[in-house]
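Read through the structure below, which is laid out as structure tokens, and then see the notes.
The values are calculated or read from the model by the stated rules, or taken from the named source; none is laboratory data. Model, not experiment: these values are computed from the prediction. When we count neighbours, we look across all protein chains shown, and the Cβ atoms used for this are built from the backbone with ideal geometry, even at glycine. Please note that ligands, DNA and RNA were not included when accessible areas were found on the heavy atoms of the full protein model with its side chains. Shrake-Rupley method; radii C 1.70, N 1.55, O 1.52, S 1.80 Å.
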Amino acid sequence: MPELPEVEITRQGFAAALEGATLRELRLGKPLRWPLGIEPAALRGARIGAASRRGKYIWLPLNRPEPEGGLLLHLGMSGSLAFTPEPQALGPHQHLAIDTSQGCLTLTDPRRFGAAVWSAALDQEPARSLLAGLGAEPFDPTFDAAALHRGLQGRRVPIKQALLAGDVVVGAGNIYACEALWQAGIHPATPASRIGPKRCERLLAAVRAVLQDALAAGGSTLRDFSSSLGAIGRYQSLVAVYGREGQPCPRCRTAVRRIVQGQRSTFFCPRCQKP
């Protein structure tokens, strides 16, 4: 599943090229998880604004007198956005194409869990409900270790699952949660409520460091992710514990172990990471 680094890399790949472009035609393929919510013809002539990201959603403003609003895009489990100079014919797994004066943005999603929905604004429906449960952005300067600590209080679930939930802080998907917990020296099964202020400082710093490294590496390509410009991610070659069961921990040389939490594989060092 594309996580925050992959979504941000995707956004960066087309945002500057599309900003200021005129939408010529919006073409639809097979239906996605939710209906578009507007007639495609109503968007012709809209001027595309600056694409932004919230969690794993991309907001693409479409500026025109009527209707005013934008498209909220989500890549689902296996989706991707591709930016090309010229319009492309929609294939069997391509569900949306935005043809503009400056190129074409196409959404491909074999499993059809992705989404493209029209909303008048981010604080109006349906965008408001879709974004309501998201936690803080990890690089938000107003989100600090004290805020993380408050968000974890009273939670009995393991800290790994609390990170994956994304309602305290977004961005720490499975691979990145494993790596951040290793960097912070925290066992993934530790109840979230037991992570004290000092360890919250280490954990937040680790989450930010891991995500920054992933962004610099172009994200992770574990199966089929590529950026909107077709580039493959390289972070998977930099991991310390994820996918390395039985191999030595880079810090202490103890064999990395794997457990299953919430139907997801968790990798950790049993010596370095303390409950």
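Summary table
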| quantity | calculated |
| --- | --- |
| Per residue, in Å², the accessible surface of the chain once ligands and nucleic acids are set aside, probe 1.4 Å | 45 Å² |
| Net charge contributed by nearby residues that have their C-beta within less than 15 Å of residue 33 (K/R +1, D/E -1) | +3 |
| The chain - Cys residues lacking any other Cys C-beta under 4.7 Å | 104, 178, 200, 252 |
| For the stretch 33-161, alpha-carbon Rg over 2.2 N^0.38 Å | 1.24 |
| Computed P(r) (all Cα pairs; the stretch 130-275; 5 Å bins; percent) | 2, 10, 19, 23, 21, 15, 8, 2, 0 |
| Charge dipole (the chain, unit charges on Cβ, about Cα centre) - positive-most of 74, 246, 94 | 246 |
| Mean projected area (nm²) of the alpha-carbon convex hull when the chain is viewed from all directions | 14.3 nm² |
| Quotient of C-alpha Rg and 2.2 N^0.38 Å, computed over the stretch 93-190 | 1.41 |
| Cross-link reach list, lysines versus residue 56, counting only Cα pairs under 28 Å and skipping chain neighbours closer than eight places | 30, 160 |
| Integer Hz, Karplus 6.51/-1.76/1.60 couplings in order for the stretch 259-275, x for Gly and Pro | 10, 10, 10, x, 6, 10, 6, 10, 10, 7, 9, x, 9, 6, 9, 9, x |
| Alpha-carbon Rg/Rh ratio, for the stretch 48-102, with Rh computed the Kirkwood way | 0.97 |
| Cβ charges +1 (Lys, Arg) and -1 (Asp, Glu), total dipole of the chain, debye | 1400 debye |
| Protein accessible area in the stretch 1-110, 1.4 Å probe - carbon and sulfur % | 52 percent |
